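These notes are about the structure you will find just below.
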2 protein chains.
Amino acid sequence: MTGHQGVPPVNPGGTQREVRLEHRLLVFTGEGKGKSTAAFGMGLRAWAQGWSTGVFQFVKSAKWRTGEAAAYAALDEAHRATGQGGPVEWHTMGAGWTWLRATADADPAALARAGWEKVAAQLAEGVHRLYILDEFSYPLARGWVDVGEVLDVLARRPAPQHVVITGRGVPPAVLDAADLVTEMTKVAHPFDRGAKGQPGIEW
Amino acid sequence: MTGHQGVPPVNPGGTQREVRLEHRLLVFTGEGKGKSTAAFGMGLRAWAQGWSTGVFQFVKSAKWRTGEAAAYAALDEAHRATGQGGPVEWHTMGAGWTWLRATADADPAALARAGWEKVAAQLAEGVHRLYILDEFSYPLARGWVDVGEVLDVLARRPAPQHVVITGRGVPPAVLDAADLVTEMTKVAHPFDRGAKGQPGIEW
């Protein structure tokens with residue numbers, strides 16, 4: 001078995017041929033439901049591979065995605081207790097980012113930039129194998145975080161670090177740079193007929 | 001606080017108004033990536049709500065979605081050990097369905113029907129709050145499971161039991177009956193440029 005350009009080959013589970021470890025930029029965007037849930041579903045595969053995952057939620061409310069956060073906390077705990085799966089680091093902007101101890105009324109643009117700077121620093125250090133930048137489209141679309149800087153940092157990141165970006169209105173330059181883009185299109189939605197949000201489904 | 005038409009109101013977390021518990025039929029379909037991962041991401045919310053979840057994978061290979069299966073097994077174990085979250089029951093057709101002990105070379109049409117019959121029986125009994133019927137579009141599209149029967153069973157299921165169906169080519173009658181349909185559209189995919197599957201991303 002020969003390596004590719006110095007990258008050590010891996011043979012996961014013995015069922016695949018040698019796989020070259022690339023880094024991937026994945027985008028889940030569009031008006032439909034399932035963007036963030038697809039990212040968090042993908043994170044289950046990363047966890048099962050024993051990868052380290054960093055979640056950065058660029059959302060205002062600290063109460064956002066609490067179901068996913070609770071499940072990932074349980075997976076992180078399972079990793080610490082039994083060694084199965086991988087560790088998960090979870091940060092939410094709406095809580096002021098855990099490393100900042102910012103207040104809830106902090107400037108969202110400054111918070112978003114602080115979040116991105118943390119991601120950029122972790123990418124440079126190779127802290128995680130998977131980064132889920134949930135709702136990161138919004139600070140990008142609003143110009144709070146510079147698209148050119150993001151693409152530059154991503155282009156220079158050491159492999160293998162995968163990055164998933166979710167949210168509506170991802171800037172075209174980010175779509176162009178992505179290895180995989182899925183657009184979630186809303187075909188039917190219960191809110192259209194006046195239904196209310198449901199626990200376990202919407203949060 | 002008044003109930004609606006005999007359905008007891010709930011007030012999850014105290015942050016929402018009273019929510020009428022409906023049952024939902026959700027469909028993730030289309031050619032793009034993220035259908036099953038969106039369903040399994042949504043299941044994390046159900047788990048965090050303490051719901052019982054039943055996963056039925058209508059796929060041939062027993063090795064399918066092993067990452068998600070491992071993560072859900074860890075969440076089920078966390079529930080049993082600490083009481084947090086909810087229980088998860090996981091069945092894969094490619095393994096012959098656990099309750100059947102069928103052989104790997106069993107007739108896939110018969111296996112698919114046996115899987116659906118189990119789901120129908122559980123729906124009638126109200127065993128789970130969430131059912132993830134992964135790749136169920138395929139036996140429906142092939143006529144192995146009758147669409148009319150499925151819609152009839154779903155229409156008569158006791159509330160609140162949510163059902164998520166994933167896969168390409170979901171029959172139109174199922175789409176019509178669904179409360180939410182998201183079509184995952186492929187905008188870009190690394191396989192288009194000849195990239196190979198990656199551990200932690202594709203499985």
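The values are calculated or read from the model by the stated rules, or taken from the named source; none is laboratory data. On a predicted model such as this, the values are computed, not experimentally measured, just so you know. Note that each Cβ is placed from the backbone with ideal geometry, even for glycine, and that neighbours are counted across all protein chains shown.
Every residue, every condition in (1) aromatic (Phe, Trp, Tyr); (2) in a helix (DSSP H, G or I); (3) touching a residue at least 60 places away in the same chain (Cβ under 8 Å), yes or no:
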site: A:73; (1), (2), (3): no, yes, no
site: A:86; (1), (2), (3): no, no, no
site: A:90; (1), (2), (3): yes, no, no
site: A:99; (1), (2), (3): yes, no, no
site: A:122; (1), (2), (3): no, yes, yes
site: A:140; (1), (2), (3): no, yes, no
site: A:145; (1), (2), (3): no, no, no
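Results for (1) part of a helix (DSSP H, G or I); (2) in contact with a strand residue (DSSP E or B) (Cβ under 7 Å, 6 or more places away or on another chain); (3) under 29 Å from residue A:118 (Cβ atoms); (4) modelled with pLDDT of 90 or more, shown as yes or no for each residue.
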position: A:16; (1), (2), (3), (4): no, no, no, no
position: A:23; (1), (2), (3), (4): no, yes, yes, no
position: A:38; (1), (2), (3), (4): yes, yes, yes, yes
position: A:42; (1), (2), (3), (4): yes, yes, yes, yes
position: A:45; (1), (2), (3), (4): yes, no, yes, yes
position: A:63; (1), (2), (3), (4): no, no, yes, no
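Flag: residue B:165 matches the condition of being surrounded by 21 or more Cβ atoms within 10 Å (Cβ to Cβ) and either at pLDDT 95 or above or more than 26 Å from residue A:45 (Cα to Cα) (or both). In the condition set (1) at pLDDT 95 or above; (2) assigned to a loop (DSSP other than H, G, I, E, B), residue A:160 is compliant with all but (1).
How many residues does the stretch A:124-138 hold that are without any contact (Cβ under 8 Å) to a residue 60 or more places away in the chain and either outside any helix (DSSP H, G or I) or buried (at least 16 other Cβ atoms within 10 Å of the Cβ) (or both)?
Initially, the stretch A:124-138 is screened for residues without any contact (Cβ under 8 Å) to a residue 60 or more places away in the chain, giving A:124-126.
Going one step further and asking which of them are either outside any helix (DSSP H, G or I) or buried (at least 16 other Cβ atoms within 10 Å of the Cβ) (or both), we end up with A:126.
Result for the stretch A:124-138: 1.
I'd like the full set of residues that are small (Gly, Ala, Ser) and either buried (at least 17 other Cβ atoms within 10 Å of the Cβ) or away from chain B (no Cβ under 12 Å) (or both), limited to the stretch A:76-97. Before the answer, list the steps.
From the stretch A:76-97, those small (Gly, Ala, Ser) are A:78, A:81, A:83, A:85-86, A:94-96; that's our starting set.
A:78, A:85, A:86, A:94, A:95, A:96 - these are the residues of the stretch A:76-97 that are small (Gly, Ala, Ser) and either buried (at least 17 other Cβ atoms within 10 Å of the Cβ) or away from chain B (no Cβ under 12 Å) (or both).
Put simply, of B:173, B:155 the only residue that is surrounded by fewer than 22 Cβ atoms within 10 Å (Cβ to Cβ), of a type in the set (A, V, I, L, M) and closer than 21 Å to residue A:185 by Cβ is B:173.
Taking first residues from the stretch B:169-197 that are within 7 Å of chain A (Cβ to nearest Cβ) and partners that are in a helix (DSSP H, G or I) and at pLDDT 90 or above, the Cβ contacts under 8 Å between residues at least 6 apart in sequence or on separate chains come to B:181/B:175; B:182/B:38; B:184/A:38; B:184/B:35; B:184/B:38; B:187/A:175; B:188/A:175.
Within the stretch A:119-138, work out how many residues are of a type in the set (D, E, K, R) and out of contact with any strand residue (DSSP E or B) (no Cβ under 7 Å at 6 or more places or on another chain). Steps first, please.
To start, the set of residues in the stretch A:119-138 that are of a type in the set (D, E, K, R) comprises A:125, A:129, A:134-135.
So of that shortlist, the ones also out of contact with any strand residue (DSSP E or B) (no Cβ under 7 Å at 6 or more places or on another chain) come out as A:125.
Counting residues in the stretch A:119-138 that are of a type in the set (D, E, K, R) and out of contact with any strand residue (DSSP E or B) (no Cβ under 7 Å at 6 or more places or on another chain) gives 1.
Evaluate the stretch A:43-54: report whether one residue or more is more than 28 Å from residue B:27 (Cβ to Cβ), in contact with a helix residue (DSSP H, G or I) (Cβ under 7 Å, 6 or more places away or on another chain) and facing chain B (nearest Cβ under 7 Å). For the stretch A:43-54, residues more than 28 Å from residue B:27 (Cβ to Cβ), in contact with a helix residue (DSSP H, G or I) (Cβ under 7 Å, 6 or more places away or on another chain) and facing chain B (nearest Cβ under 7 Å): present.
Only one entry in A:59, A:55 is assigned to a strand (DSSP E or B), aliphatic (A, V, I, L, M) and crowded, with 16+ Cβ neighbours inside 10 Å, namely A:55. Does the stretch B:63-75 include one or more residues that are in contact with a Leu (Cβ under 8 Å, 6 or more places away or on another chain), under 25 Å from residue B:160 (Cβ atoms), surrounded by fewer than 24 Cβ atoms within 10 Å (Cβ to Cβ) and at the interface with another protein chain (Cβ under 8 Å from one of its Cβ atoms)? No, every residue in the stretch B:63-75 fails to be in contact with a Leu (Cβ under 8 Å, 6 or more places away or on another chain), under 25 Å from residue B:160 (Cβ atoms), surrounded by fewer than 24 Cβ atoms within 10 Å (Cβ to Cβ) and at the interface with another protein chain (Cβ under 8 Å from one of its Cβ atoms).
Residue B:71 satisfies every condition listed in (1) farther than 29 Å from residue A:39 by Cβ; (2) modelled with pLDDT of 95 or more; (3) of a type outside the set (Lys, Arg) except (1).
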